[in-house]
Amino acid sequence: MHAGHATDYLHILVVKVVRACNLRCKYCYYINDDTRDYGSSMTVETVTALYERYRDYLSALGRQGAIVWHGGEPLMLGRRRFGAFMELQSETGLAPFIHNKLQTNALLIDDAWIDFLRRHDIGIGVSIDTDRSAHDANRVTPTGEGTYDQTVEALGRLRRAGVSTGVLSVADGVSDGRLAISSLRALGVSSADILLPMTNNARQRNPETAIDLEGLPEFLVDAFRAWVKGDDPSMRVRLFSSMILQAFGRRTTFLGTGGADMSSLAVIETDGTLCMDTEYSQLERFGIAEGYNTGLNVNDTDFSFTRAEKLIKRFVAKVGGDRLPTDCQNCEVARLCGGGHPGSRYDDADHSHDHRSAHCKALYRLGRETLSYLNDPHPYL
């Protein structure tokens, strides 16, 4: 069995195991006032169908994949039920073909959960925003209280237990980029994802759905400068490292810089529906366009991941997810930013993805700063 190219088959499934959360993050694309079927969770029948079909797919290819347990908050499933889902991987024969990962807000993390994660060899990512102020402004409980201290405490518990943990943060464009990096480094993590807030051109043109991106370019540039200062390799920031690698013509696996093939990933909703990357959920949530739901479901008798892969590849080619938008062809930073996430390029003015990303200004500024650093790193150190 070999790992294969990260971009030539469905090697990542993001499994939405529960449609519930103990937080009400203000930027969340999934848990909000219009969440359909809130409180539902994946049934054992759906999990079994998913496992058996993914086993057949990976076995035929002789390759490995990853299941990323997601929500909502996946730990709300409970250890007993989650444990049954883990045991089912061996019973269905899927276990030799996959790695398990989990994305959590960590509020439920205790010693029992840590033991569970270690016993089942589940990699863990913790969602925490870039600093206390940003986190407590956005990642709040249902009653509006901030959760930074609880999240930091959980990260400390994981670190003391020797559990390797990455973090995921959303850039709000309001915080100080330098403080963001120093705060993340202080957590002692080796890897951090700084994601751009989900949006697209159609959403940004509507005053009722647009989000404030004005401060995002300065935030990213300041954060990049702080990250490279001192040439400290202790914490990888995937957005920045992907841009550097792409500057040298290297392929990356980061959709935010257009570096990954969108057809290498699928989302499995709680009811078994197979969907595109979550960036496309914004199109359907705001009634802008279709594109998230593929119409396939792992419970269907004729479902196969081979068929799903072909359908996703056709969609990616149709929306131009495998190429730069026309306006980006001659841009000096295009190879670094990759045109941004394909979902962020959509504009309902012509129902097309052939546009600059809604994050273009921020990505352009960051790309220019990255090229400046690569041309002469000494002023940055």
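Some observations on this one:
- Being more than 23 Å from the chain's Cα centre (by Cα) and within 30 Å of PHE224 (Cβ to Cβ) holds for only one residue in CYS337, CYS360, CYS331, and it is CYS331.
- Selection from the stretch 235-256 of residues that are part of a helix (DSSP H, G or I) and farther than 25 Å from LEU324 by Cβ: none
- For ARG24, the conditions (1) touching a Lys or Arg at 6+ places or on another chain (Cβ under 6 Å); (2) open to solvent by 40 Å² or more (accessible area, probe 1.4 Å) all hold with the exception of (1).
- Selection from the stretch 333-381 of residues that are of a type in the set (A, V, I, L, M), modelled with pLDDT of 95 or more and under 20 Å from GLU284 (Cβ atoms): ALA358
- Close Cβ contacts (under 6 Å, 6 or more residues apart or on different chains) running from residues in the stretch 282-302 that are touching a residue at least 24 places away in the same chain (Cβ under 8 Å) to residues that are assigned to a loop (DSSP other than H, G, I, E, B) and acidic (Asp, Glu) comprise ILE288/ASP348.
- Test: residue in the stretch 74-96 that is of a type in the set (A, V, I, L, M), over 29 Å from THR130 (Cβ atoms) and without any contact (Cβ under 8 Å) to a residue 40 or more places away in the chain: yes
- Within the set HIS341, HIS359, the sole residue that is in contact with an Asp or Glu (Cβ under 8 Å, 6 or more places away or on another chain) and either over 24 Å from LEU239 (Cα atoms) or not small (Gly, Ala, Ser) (or both) turns out to be HIS341.
- The residues of the stretch 325-367 that are touching a strand residue (DSSP E or B) at 6+ places or on another chain (Cβ under 9 Å) and surrounded by fewer than 18 Cβ atoms within 10 Å (Cβ to Cβ) amount to a single one, ASP354.
- Restricting attention to the stretch 207-234 and to residues that are part of a loop (DSSP other than H, G, I, E, B), touching a residue at least 12 places away in the same chain (Cβ under 8 Å) and not β-branched (Val, Ile, Thr), the residue that is surrounded by the most Cβ atoms within 10 Å (Cβ to Cβ) turns out to be LEU213.
The values are calculated or read from the model by the stated rules, or taken from the named source; none is laboratory data. Everything numeric in this text was worked out from a predicted model, so none of it was measured. Reconstructed Cβ throughout: ideal geometry from the backbone, glycine too, with neighbour counts over all protein chains shown. With ligands, DNA and RNA removed, areas are computed over all heavy atoms of the protein, side chains included. Shrake-Rupley method; radii C 1.70, N 1.55, O 1.52, S 1.80 Å.
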